[in-house]
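Let me begin by presenting the structure, written as structure tokens, before commenting on it.
The values are calculated or read from the model by the stated rules, or taken from the named source; none is laboratory data. Computed from a predicted structure; not experimentally measured. Cβ: placed from backbone, ideal geometry, glycine included. Neighbour counts: every protein chain shown. We work out accessible area using only protein heavy atoms, side chains counted, and drop any ligands, DNA or RNA first. Shrake-Rupley method; radii C 1.70, N 1.55, O 1.52, S 1.80 Å.
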Amino acid sequence: MARALPVIDGDTPFQHDYTPVLLDAVKQFKAGLGETLHSIYAFGSVARREAIAGKSDLNLTIIVKRPLNASEQSVLSTIRLRLASRHAVIPAVDLKVVEISEVLSIESIFTWGFWLKHCCICLYGDDLSTRFGLFEASWDIAKSLNGDIGDELSSYRKKIMATKVVQNYLDYCEYISKKMLWSCFSLVMHREQNLALSIEQCAEAFIKYYPEKELEVERLFILASRQQVPKKASLFMMDSFGGWIVSEFDRIDRKIG
């Protein structure tokens, strides 16, 4: 029997080091976006109270009432950089920005409904997670979480091939390797009937069902650790293992529908 997925504890105080960052973030986004801002949510390790000072990024979902113009998008970029420079506890700020009309559309229930209900904590505004009931692990949610991994692999392949800056190369490798690990979990989420909260948990769950892919998973962790490897090696992983992930998604989708 399927069981409801867990939600993040909303009553436990945030870690002491991160409280000033969260307060500052809310203050700045309210001032920067004004009436356009609907609500702000934390997700990731800070929301789960598992952040490591100086290593864990601040991850926020920003819901707006209408599409942002170029000036407002510039404001968001400025606030991101300002928060990271002001608070040494966070290396960077990651933003997901979405319009409220998309969040509340019936087509987005397995994407944004699930995301707000099970992956986020509301920091400011009307908490839209209360509009949704609890979700159970399903193939529909797995597909929504995974997104279009094929497009991302293609995009980051081009970025890696073009860059001549080591820092950018390591950033690209870290991002796409973590994306592939999360995609690996998406392949087995409907069988696990649970959520993975870290790339380590993603790998553990995935290898239970695909033990023959353990070496590929180990190589992804090398890329995620920002260890510099030849471009040829990273591109090979994206083409071979990434291609397999895409084809496996297609195979399961044809089977489950």
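When Ala142 is tested against (1) under 17 Å from Val7 (Cα atoms); (2) in contact (Cβ under 8 Å) with a residue 60 or more places away in the chain; (3) not acidic (Asp, Glu), exactly one condition is not met: (2). Could you check the stretch 1-46 and list, in sequence order, the residues that are assigned to a helix (DSSP H, G or I), more than 23 Å from Val98 (Cα to Cα) and acidic (Asp, Glu)? Scanning the stretch 1-46 gives a single hit, Asp17.
Pairs meeting the criteria (first residue in the stretch 237-248 and touching a residue at least 12 places away in the same chain (Cβ under 8 Å), second residue open to solvent by 30 Å² or more (accessible area, probe 1.4 Å) and not hydrophobic (A, V, I, L, M, F, W, C), beta carbons under 6 Å, at least 6 apart or on different chains) are Met237/Arg219; Met238/Arg157; Phe241/Glu216. Consider the stretch 197-215 and keep the residues that are more than 17 Å from Ser56 (Cα to Cα) and crowded, with 18+ Cβ neighbours inside 10 Å. The one that is nearest to the chain's Cα centre (by Cα) is Cys202. Which condition breaks for Ala88 when tested against (1) open to solvent by 60 Å² or more (accessible area, probe 1.4 Å); (2) outside any loop (DSSP other than H, G, I, E, B); (3) not aromatic (Phe, Trp, Tyr)? Looking at each condition in turn, Ala88 falls short on (2). Considering the stretch 8-20, the residues that are farther than 13 Å from Ser45 by Cα and either modelled with pLDDT under 90 or of a type in the set (Phe, Trp, Tyr) (or both) include one that is least open to solvent (accessible area, probe 1.4 Å), namely Gly10. Annotation note: of Gln228, Gln201, Gln167, the sole residue that is closer than 23 Å to Glu136 by Cα and modelled with pLDDT under 95 is Gln201.
The rows are residues; the columns are (1) aromatic (Phe, Trp, Tyr); (2) in contact with a Pro (Cβ under 9 Å, 6 or more places away or on another chain); (3) not in a loop (DSSP other than H, G, I, E, B).
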position	(1), (2), (3)
Glu200	no, no, yes
Lys208	no, no, yes
Phe221	yes, no, yes
Arg226	no, no, no
Lys232	no, no, yes
Asp253	no, no, yes
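Residues in the stretch 47-77 that are open to solvent by 30 Å² or more (accessible area, probe 1.4 Å), among the β-branched types (Val, Ile, Thr) and touching a residue at least 12 places away in the same chain (Cβ under 8 Å): Val75 only.
For first residues located in the stretch 27-38 and under 13 Å from Ser77 (Cβ atoms), partners that are surrounded by 14 or more Cβ atoms within 10 Å (Cβ to Cβ) and among the acidic types (Asp, Glu) and lie 6+ apart or on another chain with Cβ distances below 9 Å form the pairs Gly32/Glu72; Leu33/Glu72.
Any chance you could count how many residues in the stretch 167-184 are touching a residue at least 24 places away in the same chain (Cβ under 8 Å) and either open to solvent by less than 60 Å² (accessible area, probe 1.4 Å) or touching a strand residue (DSSP E or B) at 6+ places or on another chain (Cβ under 9 Å) (or both)? Going through the stretch 167-184 one residue at a time, the tally reaches 11. Applying the criterion of being of a type outside the set (Gly, Ala, Ser) and loosely packed, with under 13 Cβ neighbours inside 10 Å to the residues of the stretch 137-166, the residue that is farthest from the chain's Cα centre (by Cα) is Lys164.
Every condition in (1) of a type outside the set (Val, Ile, Thr); (2) surrounded by 17 or more Cβ atoms within 10 Å (Cβ to Cβ); (3) over 14 Å from the mean Cα position of the chain (by Cα); (4) assigned to a helix (DSSP H, G or I) is met by Tyr124 except one, and the failing one is (4).
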